[in-house]
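Peer 1: Structure provided below as structure tokens; questions to follow.
The values are calculated or read from the model by the stated rules, or taken from the named source; none is laboratory data. This structure is a prediction, so every number in the text was calculated from the model and none was measured. Cβ sites come from the backbone with ideal geometry, for glycine too, and all protein chains shown count toward neighbours. With ligands, DNA and RNA removed, areas are computed over all heavy atoms of the protein, side chains included. Shrake-Rupley method; radii C 1.70, N 1.55, O 1.52, S 1.80 Å.
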Amino acid sequence: AGLAPGTQDFSGKGFEHSADLKNFFTLYESPSFSSILTLGYEFHDERFRFTDPPTTFPGAGQEGDRQNYAAYLQQDFSFLDESVILTGGARFDHNTTFGNEWSPRGSVLYKLKKTGTTFRGSYGEGFHGPTILEFFSQVLLRELGDPRFQAVRLQSELSQSYEAGVEQKIGRWGGAGATFFYVDYDRLFDELQFIQDAYATGVETSLQFQPFDR
């Protein structure tokens with residue numbers, strides 16, 4: 001018969017466990033050129049169970065646990081005593097609910113040591129699967145007849161991000177920086193709402209002061 005607001009309390013238990021293993025390999029190292037490889041594997045497990053009603057969740061076809069398995073690698077190339085650094089990598093996620101997804105990433109960094117100026121740029125793709133708690137919130141809104149409920153199938157959120165920035169040393173103990181960013185979202189999941197196409201853009205600034213070496 002559905003749930004009436006204010007007449008039904010809920011109690012449940014949720015658990016999240018994660019493990020991340022990284023290995024760093026120095027393939028070659030010299031003042032003029034160095035190469036470092038990073039290999040990693042990440043496991044994430046989340047579980048959600050009710051200890052009293054509602055009995056509709058987890059229900060038929062609704063999993064009360066979810067796992068995400070991810071393998072990733074990153075290759076760094078450094079030239080001219082770290083004046084130029086190129087980085088490339090990729091991550092492969094296998095989510096037991098939302099399937100498989102590749103996420104590549106790359107960046108470039110250039111240091112102009114005479115002036116203490118650093119330029120950087122990057123591109124990356126992201127993957128995020130709604131959590132079990134977010135999924136339950138949609139089910140609860142549906143049962144309560146809440147107008148915020150959206151009758152759409154929960155899907156993974158994908159994004160593409162672009163960044164370009166500059167950092168400048170100021171004297172011996174100071175520094176300042178500014179970074180422009182643009183993130184393009186496919187199926188943005190925010191505050192229990194799906195937005196099929198959205199973006200975020202802006203400028204992030206920073207100011208540093210280190211009066212002592214330590």
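Peer 1: Every residue in region 107-119 that is outside any strand (DSSP E or B) and either open to solvent by less than 30 Å² (accessible area, probe 1.4 Å) or in contact with a Leu (Cβ under 8 Å, 6 or more places away or on another chain) (or both), please.
Peer 2: Step one: list which residues in region 107-119 are outside any strand (DSSP E or B), which gives 113-116.
Listed by number, the list holds a single entry, Gly116.
Peer 1: Here is a follow-up. Give all pairs with beta carbons closer than 8 Å in which a residue from region 194-214 that is in contact (Cβ under 8 Å) with a residue 40 or more places away in the chain meets a residue that is of a type outside the set (Ser, Thr, Tyr) and open to solvent by 60 Å² or more (accessible area, probe 1.4 Å); count only pairs at least 6 apart in sequence or on separate chains.
Peer 2: Final answer for the pair search is Phe194/Val152.
Peer 1: Now, a different point. Thr97 fails exactly one of the following numbered conditions: (1) under 23 Å from the mean Cα position of the chain (by Cα); (2) open to solvent by 70 Å² or more (accessible area, probe 1.4 Å); (3) among the hydroxyl-bearing types (Ser, Thr, Tyr). What is the number of that condition?
Peer 2: Every listed condition holds for Thr97 apart from (2).
Peer 1: For region 120-136, how many residues are of a type outside the set (S, T, N, Q) and in a strand (DSSP E or B)?
Peer 2: 8
Peer 1: So which of Gln138, Gln168, Gln160 is modelled with pLDDT of 90 or more, polar (S, T, N, Q) and closer than 29 Å to Gln67 by Cβ?
Peer 2: One residue alone meets the criteria, Gln160.
Peer 1: To continue, here is another question. I'd like to check something: does region 172-191 contain any residue that is among the aromatic types (Phe, Trp, Tyr), surrounded by 15 or more Cβ atoms within 10 Å (Cβ to Cβ) and at pLDDT 90 or above? Outline the logic, then answer.
Peer 2: Going through region 172-191, the residues among the aromatic types (Phe, Trp, Tyr) turn out to be 173, 180-182, 185, 189.
Retained after the next criterion (residues that are surrounded by 15 or more Cβ atoms within 10 Å (Cβ to Cβ)): 181, 185, 189.
Okay, now just the ones that are also at pLDDT 90 or above, so 181, 185.
Yes, there is a match, as at least one residue in region 172-191 is among the aromatic types (Phe, Trp, Tyr), surrounded by 15 or more Cβ atoms within 10 Å (Cβ to Cβ) and at pLDDT 90 or above.
Peer 1: Going by the conditions given, is Arg47 at pLDDT below 90 and open to solvent by less than 80 Å² (accessible area, probe 1.4 Å)? Show your work before the answer.
Peer 2: Details: at pLDDT below 90: yes; open to solvent by less than 80 Å² (accessible area, probe 1.4 Å): no.
No.
Peer 1: Additional query: Suppose the filter is under 20 Å from Leu154 (Cβ atoms), open to solvent by 90 Å² or more (accessible area, probe 1.4 Å) and either modelled with pLDDT of 90 or more or touching a Pro at 6+ places or on another chain (Cβ under 6 Å) (or both); does Glu16 pass it?
Peer 2: Taking the combined requirement at face value, the residue satisfies it.
Peer 1: What number of residues within region 65-106 satisfy the criterion of being part of a strand (DSSP E or B), in contact (Cβ under 8 Å) with a residue 40 or more places away in the chain and within 25 Å of Lys22 (Cα to Cα)?
Peer 2: Within region 65-106, residues that are part of a strand (DSSP E or B), in contact (Cβ under 8 Å) with a residue 40 or more places away in the chain and within 25 Å of Lys22 (Cα to Cα) number 11.
Peer 1: Of these, Thr55, Thr26, which one is open to solvent by 50 Å² or more (accessible area, probe 1.4 Å), assigned to a loop (DSSP other than H, G, I, E, B) and either β-branched (Val, Ile, Thr) or at pLDDT 90 or above (or both)?
Peer 2: Values: Thr26 fails: assigned to a loop (DSSP other than H, G, I, E, B).
Exactly one residue qualifies, and that residue is Thr55.
Peer 1: Out of curiosity, is Thr131 modelled with pLDDT of 95 or more, surrounded by 13 or more Cβ atoms within 10 Å (Cβ to Cβ) and β-branched (Val, Ile, Thr)?
Peer 2: No: the conditions fail for Thr131.
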